[in-house]
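J.: Handing you a structure now.
The values are calculated or read from the model by the stated rules, or taken from the named source; none is laboratory data. It should be emphasised that the depicted structure is a prediction, and the values quoted were computed from it without experimental measurement. Because the Cβ atoms are built from the backbone with ideal geometry, glycine has one as well, and the counts that use them run over all protein chains shown. Just so you know, the surface numbers come from the protein's heavy atoms only, side chains and all, with ligands and any DNA or RNA stripped out. Shrake-Rupley method; radii C 1.70, N 1.55, O 1.52, S 1.80 Å.
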Protein chains: 2
Amino acid sequence: MPETGNQKLVKKINKSIVLRMIRNHAPISRAAISQKAGLNRGTVSSLVSELLDDKLISESGMGESRGGRKPVILLFNHRAGYSIGIDLGVNYMLGILTDLKGQIVEKQKISFHQLSLEAIIDKMKDMIRNLSAAAPDSPNGIVGIGVGVPGIVDHDGNVLLAPNLGWNNVPLKEILEREFSLPILIENEANAGAYGVKLYGTEEIRENLIYISAGIGVGAGLILNDSLYRGTKGYSGEIGHMVIDVDGKQCRCGRKGCWELYASEQAILEEARSLGLETSKSQPITLEQLVEHAENGDSKVISLFEHAGKYLAEGILNLVNTFNPEQVIIGNRLVMARKWLEPVITERLQAQTMGFNQEDIHVTYSQLSTHASPMGMAAFITQRFLENGLEQTVTN
Amino acid sequence: MPETGNQKLVKKINKSIVLRMIRNHAPISRAAISQKAGLNRGTVSSLVSELLDDKLISESGMGESRGGRKPVILLFNHRAGYSIGIDLGVNYMLGILTDLKGQIVEKQKISFHQLSLEAIIDKMKDMIRNLSAAAPDSPNGIVGIGVGVPGIVDHDGNVLLAPNLGWNNVPLKEILEREFSLPILIENEANAGAYGVKLYGTEEIRENLIYISAGIGVGAGLILNDSLYRGTKGYSGEIGHMVIDVDGKQCRCGRKGCWELYASEQAILEEARSLGLETSKSQPITLEQLVEHAENGDSKVISLFEHAGKYLAEGILNLVNTFNPEQVIIGNRLVMARKWLEPVITERLQAQTMGFNQEDIHVTYSQLSTHASPMGMAAFITQRFLENGLEQTVTN
DNA sequence: TAAACTTTGTTCATTAAATAGACAAACAAA
DNA sequence: TTTGTTTGTCTATTTAATGAACAAAGTTTA
């Protein structure tokens, strides 16, 4: 059954417009909102007064006048509640607490190796409790928890598959809901990252963007027509298994020449291993160490990065031809090696000389670096809270 | 400025719901609409009476009763207007006239070779005039014209690039608007096809589908979240230039190993040529002739098709991993060779054994075959007419 | 300094459209 | 014939936006 039109819907739409106006353009007066949004002054007045009751906004003295009564300044009350975003990696967990504006208030990170499902869940619960405790007093408290996961998540918050974690059908949302009686949101980590850079990236906001999460594997988050595209069952963005070399290396997915066999952290580390690059204690080498070697001018390592960059570029070009996005953002751990990846990528992008697309494509590297994913999750939660809040206000 | 909520919007939404209900579920009564849509009986009554005034629907006697007053049957008046859809190919032009239900009333096709821009436009105008003349009398007459073009179309109906036609920056919409004072819509041919199969394909409707237009080149139309994705500048779906073999053949786009070098009509014809397959008059061979040869058991030709099928499948798998759609539909001219393509494609799709996706993917071959594109264009026009019509009704 | 004009924000009567409920008409089953 | 059901219309009510009036609080001009 489709949502029918009625007065409630009208009010929800308008209240949402007013709130968005204040969020994006504060400090702003009632009169200015009325003008910008095309809403009647009376309508704005009454909606603003409701938002004040909800504690979502606040008044803040008088503004400047240009020949008339001074306007009352309205501000978004970004401390009306706090949101928790967690990025679960393969061997780390990063959690942040943000206010409603997305500003980070508290941050925690832990590392681990090969932990069991139960152990990871326990650590996650601990982290959530710690972050909750760090939240200042506020009218709404913690408004929800969002978790980004390196795997396939369905629409009900079940982690169907996270190969690098060894997870299979984990009802993560349910588990957390049982522990914390708060709204919970589980998303694929690349989707979370895409949302994060869309909202908080320094670049101007664009309608269509691709966030490439180049970490252990390669994933992509797609913002299309201004909203996150999740695919039918959440499988979208399994782009690491796009074939770019039909007769290439065998992948465990059954095909040959998958992208992530050439352009991921794992691919680089394996190459490094086959070159005999190890730490003194014959432990597997890490990306951090490789970056250090490259900094010291190790040409073997540098060409390793350049090789990966070339393949990264090929995949990006494929995506650009498919989506014609305004922006491509490369994020996650490989950004560490940006210095050596970027020249190769830029060069390959020029290779497609057919004229279309390339001139308007902005390829950037995430400023948020490893924070894109948790910030995106926190933003999801915030967004949902603000939207739902608008419906519930009781009119007197 | 965002669209604000007000009574007009509410009415537009509800009227659109009622009309859609009648379009999709006719014959249907007012009472049934009220129930299904969750709208009040009075609301439905009044909106239905407006739609009757608009001539968009009609009453048609009494239905069966199950122990009460007999319901009045409502029907969609699919002859309230007619829509023109044109598919401009590289060496043919196909035009159809449909009623508002999408049923084909008149059809015209012409072939040509290497015509100038002006000559093509003239032929198009002729075709439009002929189709218009063939439309029966109706309250609204011709409600608009839609043209599908094998190239890149921007949001203003300019054909930016159509390499196979030799077109460059042709303001097609403007040209047609000047000639016919009717709503005009120009779209990429694959986008049009995607819309066509979404609406009129025999399969049940799905939210996310990919329409692969395998013709001279390879294009794709993407229906995501139930609506057509056009990309930032209309460049989307230039998927023929997705690289599937990084060290493969050189493409004129500047990259190597592009998909359409292996899986298009052009690719097949070129292979055929290099095998020495020509017609008696040493003219270039056509796809139709190749299909005939294959029918006669020519193993060389059959393996040609199978080779193309293999590469078609690789590209499709890439798209499936990227989009996780519910359905993939293969359309346009290569469907002629379905008999030899299908087994190879089906087999390759099994190859990805990682478990995700494959079980729920429905790969089908367009029933509309070469009609998908013009039918999609006509449907676009119809859709737009029906949506806009709802706003304009004057209330008494 | 007073008068004139501007801008802001609130209030109130009006209007549009959905809704609940009443009601008559039309029908089937008991 | 009676009873109960379904349909479609009509009316009073409710919700929320709108236009206009207005007071308050400014700035600019004479």
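J.: Looking for whichever is of a type in the set (D, E, K, R), at pLDDT 95 or above and in a loop (DSSP other than H, G, I, E, B) here; the options are A:D126, A:D122, A:D137. Which one fits?
T.: The unique qualifying residue is A:D137.
J.: Select from the range A:255-278 the residues that are open to solvent by less than 30 Å² (accessible area, probe 1.4 Å) and either at pLDDT below 85 or β-branched (V, I, T) (or both) and list them in ascending order.
T.: A:R255, A:I268, A:L277
J.: The conditions are (1) of a type outside the set (A, V, I, L, M); (2) closer than 28 Å to B:Q327 by Cα; (3) open to solvent by 30 Å² or more (accessible area, probe 1.4 Å), and B:P163 fails exactly one of them. Which is it?
T.: The failed condition is (2).
J.: Which condition from (1) free of Cβ contacts under 8 Å to residues at least 40 places away in the same chain; (2) under 28 Å from B:D137 (Cα atoms); (3) more than 9 Å from DNA strand C (Cβ to nearest atom) is the one that B:K36 breaks?
T.: Of (1) free of Cβ contacts under 8 Å to residues at least 40 places away in the same chain; (2) under 28 Å from B:D137 (Cα atoms); (3) more than 9 Å from DNA strand C (Cβ to nearest atom), only one is false for B:K36: (2).
J.: Now a separate question. Quick one: in the range B:18-45, which of the residues that are basic (K, R) and within 24 Å of the chain's Cα centre (by Cα) is farthest from the other protein chains (Cβ to nearest Cβ)?
T.: Result: B:R23.
J.: Write out, first by first residue and then by second, each pair whose Cβ atoms fall under 7 Å of each other, whose residues are 6+ apart or on separate chains, and whose first residue, in the range A:142-169, is small (G, A, S) while the second is in a loop (DSSP other than H, G, I, E, B) and open to solvent by less than 40 Å² (accessible area, probe 1.4 Å).
T.: Filtered contacts from the range A:142-169: A:G151/A:L165; A:A162/A:P150; A:A162/A:G151.
J.: Anything in the range B:27-51 that is within 25 Å of B:L199 (Cβ to Cβ) and open to solvent by 40 Å² or more (accessible area, probe 1.4 Å)? List them, or say none.
T.: B:P27, B:K36, B:G38
J.: If I filter the range A:74-107 down to residues being open to solvent by 50 Å² or more (accessible area, probe 1.4 Å) and in a strand (DSSP E or B), which single residue comes out as nearest to DNA strand D (Cβ to nearest atom)?
T.: It comes out as A:L75.
J.: In the range A:306-334, how many are under 23 Å from A:D245 (Cα atoms), more than 14 Å from chain B (Cβ to nearest Cβ) and surrounded by 24 or more Cβ atoms within 10 Å (Cβ to Cβ)? Lay out the reasoning, then the answer.
T.: Just the residues of the range A:306-334 that are under 23 Å from A:D245 (Cα atoms), to begin with: A:306-324, A:328, A:330, A:334.
Narrowing the set further to residues that are more than 14 Å from chain B (Cβ to nearest Cβ) leaves A:306, A:330, A:334.
Checking the rest, the ones that are also surrounded by 24 or more Cβ atoms within 10 Å (Cβ to Cβ) come to A:334.
Summing the residues that are under 23 Å from A:D245 (Cα atoms), more than 14 Å from chain B (Cβ to nearest Cβ) and surrounded by 24 or more Cβ atoms within 10 Å (Cβ to Cβ) in the range A:306-334 gives 1.
Yes/no per residue for (1) assigned by TED's automatic domain parsing to the domain that holds B:A379; (2) near DNA strand D (Cβ under 8 Å from one of its atoms); (3) touching a Leu at 6+ places or on another chain (Cβ under 8 Å); (4) basic (K, R):
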{"position": "B:M1", "(1), (2), (3), (4)": "no, no, no, no"}
{"position": "B:N14", "(1), (2), (3), (4)": "no, no, yes, no"}
{"position": "B:I22", "(1), (2), (3), (4)": "no, no, yes, no"}
{"position": "B:I28", "(1), (2), (3), (4)": "no, no, yes, no"}
{"position": "B:Q35", "(1), (2), (3), (4)": "no, yes, no, no"}
{"position": "B:T43", "(1), (2), (3), (4)": "no, no, no, no"}
{"position": "B:L56", "(1), (2), (3), (4)": "no, no, yes, no"}
{"position": "B:P71", "(1), (2), (3), (4)": "no, yes, no, no"}
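J.: Which one of these does A:G234 not meet: (1) at pLDDT 85 or above; (2) within 14 Å of chain B (Cβ to nearest Cβ); (3) buried (at least 23 other Cβ atoms within 10 Å of the Cβ)?
T.: (1)
J.: State the number of residues belonging to the range B:218-259 that are among the polar types (S, T, N, Q) and within 25 Å of B:V335 (Cα to Cα).
T.: So the count comes out to 2.
J.: Working only within the range A:153-176, note down all residues that are touching a helix residue (DSSP H, G or I) at 6+ places or on another chain (Cβ under 7 Å) and part of a helix (DSSP H, G or I).
T.: If the condition is that a residue be touching a helix residue (DSSP H, G or I) at 6+ places or on another chain (Cβ under 7 Å) and part of a helix (DSSP H, G or I), then A:I175 is the only one that fits.
J.: Can you confirm whether A:I13 is open to solvent by less than 40 Å² (accessible area, probe 1.4 Å) and either within 14 Å of another protein chain (Cβ to nearest Cβ) or more than 18 Å from A:E387 (Cβ to Cβ) (or both)? Please lay out each step first, then the result.
T.: Details: open to solvent by less than 40 Å² (accessible area, probe 1.4 Å): no; either within 14 Å of another protein chain (Cβ to nearest Cβ) or more than 18 Å from A:E387 (Cβ to Cβ) (or both): yes.
No, not satisfied.
J.: Of all residues in the range B:177-195, how many are in contact (Cβ under 8 Å) with a residue 24 or more places away in the chain and assigned to a helix (DSSP H, G or I)?
T.: Looking only at that region, the number is 8.
J.: Hey, among the residues in the range B:167-192 that are open to solvent by 50 Å² or more (accessible area, probe 1.4 Å) and acidic (D, E), which one's farthest from the chain's Cα centre (by Cα)?
T.: Selected residue: B:E179.
J.: Same structure again: Give the number of residues within the range A:48-76 that are more than 12 Å from DNA strand C (Cβ to nearest atom) and free of Cβ contacts under 8 Å to residues at least 24 places away in the same chain.
T.: Matching residues across the range A:48-76 total 1.
J.: Would you please name the residue that is nearest to the other protein chains (Cβ to nearest Cβ), looking only at residues in the range A:204-217 that are open to solvent by 10 Å² or more (accessible area, probe 1.4 Å) and in contact with a helix residue (DSSP H, G or I) (Cβ under 6 Å, 6 or more places away or on another chain)? Give the steps one after another, and end with the answer.
T.: So in the range A:204-217, the residues open to solvent by 10 Å² or more (accessible area, probe 1.4 Å) come out as A:204-207, A:216-217.
Applying the additional criterion that residues be in contact with a helix residue (DSSP H, G or I) (Cβ under 6 Å, 6 or more places away or on another chain) yields A:216-217.
Values: A:I216: 16, A:G217: 12 Å.
The selected residue is A:G217.
J.: For B:Q266, state whether it is of a type outside the set (S, T, Y) and touching a Gly at 6+ places or on another chain (Cβ under 9 Å).
T.: yes
J.: Any residue that is within 25 Å of the chain's Cα centre (by Cα) and under 24 Å from A:L88 (Cβ atoms) - is there at least one of those in the range A:321-329?
T.: Looking through the range A:321-329, at least one residue is within 25 Å of the chain's Cα centre (by Cα) and under 24 Å from A:L88 (Cβ atoms).
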